[in-house]
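The values are calculated or read from the model by the stated rules, or taken from the named source; none is laboratory data. No experiment lies behind these values; they were computed from the predicted model shown. Neighbour counts are summed over all protein chains in view; Cβ atoms, including those assigned to glycine, are modelled from backbone coordinates with ideal geometry. The protein model used for the area step is the full one, side chains on, heavy atoms only, and it has no ligands, DNA or RNA in it. Shrake-Rupley method; radii C 1.70, N 1.55, O 1.52, S 1.80 Å.
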Amino acid sequence: MESPFKPDVLKGKVALLTGGGSGIGFEKSRQLGLHGASVAIMGRRKHVLYSAVAALHLHGIPLTRKFPSFLAHTLQTLSFLFRCLMIESLVWCGPCCCKAIGVEGDVQKRDNVVRALESTVKSLGRLDILVNAAAGNFLVPAEDLSPNAFRTGLVLSLLSPVVAHNM
């Protein structure tokens, strides 16, 4: 499906997405990137973050620096291979050359949120858009949901965006 928006509608903007490495959050990350925004993805699992950032590059989220086409293609190929092999320490994608970065952290922990915000600004220069896509999925009937699971869902859905917004 073709987007109704101009491809560069978000050019120059920087977005931070909590939970942007998988599911609906990843698609939000991808769409923001495809429309010109630089994207920082915050999540708890490194391998998911690295995989998501690599996938964004494979979906055409461009590098921020101009590279010769052969080098950009080589980097994308390496990114794909690293993603497939989940070699976390070798993923080439980082704040110096990419429009998409991954920041490890848990939105339920204030210091992790502070670190994610600081990393985004340090790596991408600013922060314009904040999207909370983090979720806690508990696949049980409502009557079987524990009080702790219910609290976690509330924190992720309601409190985490407020904490991040007020920083």
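Under a 5 Å amide H cut-off, with hydrogens placed 1.01 Å from N, Ala40 pairs with Ala15, Leu16, Leu17, Ile101 among residues at least 5 apart or on other chains. Note that the range 47-58 has calculated 3J(HN,Hα) couplings of 4, 5, 4, 4, 4, 5, 5, 4, 5, 4, 5, 5 Hz, one per residue in order, obtained from phi through the Karplus relation 6.51 cos²θ - 1.76 cosθ + 1.60 (θ = phi - 60°); glycine and proline are x.
When peptides 132-139, 145-152 are sorted by average Cβ neighbour count within 10 Å, with the highest value leading, the order is 132-139, 145-152. For the range 130-137, the Karplus equation 6.51 cos²θ - 1.76 cosθ + 1.60, evaluated at θ = phi - 60°, returns couplings of 10, 10, 9, 10, 5, 8, x, 9 Hz by residue, with Gly and Pro reported as x. The order of Met42, Met1 by accessible area, most exposed first and with a 1.4 Å probe, is Met1, Met42. A 1.4 Å probe, protein heavy atoms only, puts the accessible area of Arg110 near 150 Å².
Beyond 24 Å in Cα-Cα separation lie the following of the pairs Lys13/Lys109; Lys28/Lys99; Lys6/Lys46; Lys28/Lys122; Lys6/Lys28: Lys13/Lys109; Lys6/Lys46.
In the context of the full protein assembly, Arg115 retains an accessible surface of approximately 100 Å², using a probe radius of 1.4 Å and ignoring ligands and nucleic acids.
Given a 1.4 Å probe and the protein chains as shown, Ser51 ends up with an accessible area of around 40 Å². Sorting Lys109, Lys99 by solvent-accessible area of protein heavy atoms yields Lys109, Lys99, largest first, with a 1.4 Å probe. Scalar couplings 3J(HN,Hα) for the range 20-32, obtained by applying the Karplus form with A = 6.51, B = -1.76, C = 1.60 to θ = phi - 60°, are x, x, 8, x, 4, x, 5, 5, 4, 4, 4, 5, 4 Hz; x denotes Gly and Pro. Can you bin the range 4-62 into rounded, prolate or oblate? Criterion: square roots of the alpha carbon gyration tensor eigenvalues sorted a ≥ b ≥ c, rounded for a/c under 1.5, prolate for a/b above b/c, oblate for the rest. It comes out prolate by the Cα gyration axes.
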